[in-house]
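What follows is a single structure, written as structure tokens, with notes after it.
The values are calculated or read from the model by the stated rules, or taken from the named source; none is laboratory data. In this text, all values refer to a predicted model and were calculated from it rather than measured experimentally. Here the Cβ positions follow ideal geometry from the backbone for every residue, glycine too, while neighbour counts run over all protein chains shown.
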């Protein structure tokens, strides 16, 4: 890859803890953030001191998956495990999103730990539309790590 070239954004896969999803239209990538803790103290001479430091753990976050209305019953069952059955303990999965370069070689992996579906938005139904039916699933995770391959 020449200097200045960028990776494609259309070549990716997502593994939802072993669940098979036939097709994905888009997956938002995670945002990584850590809370900042502000500590106010007074010195021995009475001067105020303000220190900022990172929190112990990074924040969790959310991604959005857009998929066509396909045959993936296992993925739908996983969504229903949290949204209908409220069984988050068993629904937590390790999700991995992999981005590929133009030669189909992995270049970046996002690992989302303890992920579960927190929201489902069904397809908009419009009799005059010719757009495909898609649904959006919000997936909440507790921790994210990024791996450059």
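Remarks
- Members of the range 33-80 that are touching a residue at least 40 places away in the same chain (Cβ under 8 Å) and in a strand (DSSP E or B): 57, 58, 61, 62, 63, 64, 65, 66, 67, 68
- For the range 81-110, a residue qualifies if it is part of a loop (DSSP other than H, G, I, E, B) and in contact with a helix residue (DSSP H, G or I) (Cβ under 6 Å, 6 or more places away or on another chain), and exactly one does: 87.
- Candidates 27, 107, 39, 98: the one that is surrounded by 10 or more Cβ atoms within 10 Å (Cβ to Cβ), farther than 22 Å from residue 136 by Cβ and modelled with pLDDT of 90 or more is 107.
- Residue check: residue 90 meets all listed conditions (1) within 16 Å of residue 26 (Cα to Cα); (2) at pLDDT below 95 but one, namely (1).
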